[in-house]
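The values are calculated or read from the model by the stated rules, or taken from the named source; none is laboratory data. Since we're looking at a predicted model, the values are computed, not measured. Cβ atoms come from the backbone with ideal geometry, glycine included; neighbour counts cover every protein chain shown.
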Amino acid sequence: MGTWFGYAIAAAMLYGLHQVFTKLAADRISDGLGGLVVEGTAALTIAIYLVFLWFNNTWTQKATAMGIWYSMLTGISVGAGTLMFFLLFQKGGPLSAVPMVLAGGAAVMAICGILFFKESASWPRLLGIAFSIAGLLLLRYAPGK
């Protein structure tokens, strides 16, 4: 097991809580303002992390122009995705739909990994992609709340 696995577990837990809190907030704040609060708080959290690195003399941050560009595209994707989740919940979407939505995103990532990053296209991986897409499509036919 790689040293990355603990970070994967933490990210999964935090992103899971992200959707739970978004669901709780969705009926109490508008989509645009809610998204701004989410992303602004996220930026503040990262700024605190950077200050922590600076004051602990563990700063190893670096950047290239392409790194900044791809990070900006990531920010656009995260911001727009956050708005979509607020709208999903405000329109009556259940919290139980989120895993299939995220599985659809995982399928996009896996396909990009295979096509653009030359990752292996093994049968288990391809089957996982197919199941992810099927799960996302099945949401359309799931009973309401």
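Structure summary
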| item | result |
| --- | --- |
| Among residues of the range 107-127, those that are over 19 Å from the mean Cα position of the chain (by Cα), of a type outside the set (A, V, I, L, M) and surrounded by 11 or more Cβ atoms within 10 Å (Cβ to Cβ), counted | 2 |
| Verdict on T74 being under 30 Å from R140 (Cα atoms), within 16 Å of the chain's Cα centre (by Cα) and of a type in the set (S, T, Y) | yes |
| Wholly enclosed helices (runs of 4 or more DSSP H) of the range 1-114 bearing at least 1 residues touching a Leu at 6+ places or on another chain (Cβ under 7 Å) | 5-26, 31-55 |
| Residue match in the range 38-52 (condition: within 27 Å of P143 (Cβ to Cβ) and either among the aliphatic types (A, V, I, L, M) or exposed (fewer than 14 other Cβ atoms within 10 Å of the Cβ) (or both)) | no |
| Selection count, the range 119-145, where residues are of a type outside the set (A, V, I, L, M, F, W, C), within 16 Å of A106 (Cα to Cα) and part of a helix (DSSP H, G or I) | 5 |
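Residues checked against (1) small (G, A, S); (2) surrounded by 11 or more Cβ atoms within 10 Å (Cβ to Cβ); (3) under 20 Å from V38 (Cα atoms); (4) modelled with pLDDT under 95:
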position	(1), (2), (3), (4)
A63	yes, no, no, no
G79	yes, yes, yes, no
L87	no, yes, yes, no
G104	yes, yes, no, yes
I129	no, yes, no, yes
S132	yes, yes, no, yes
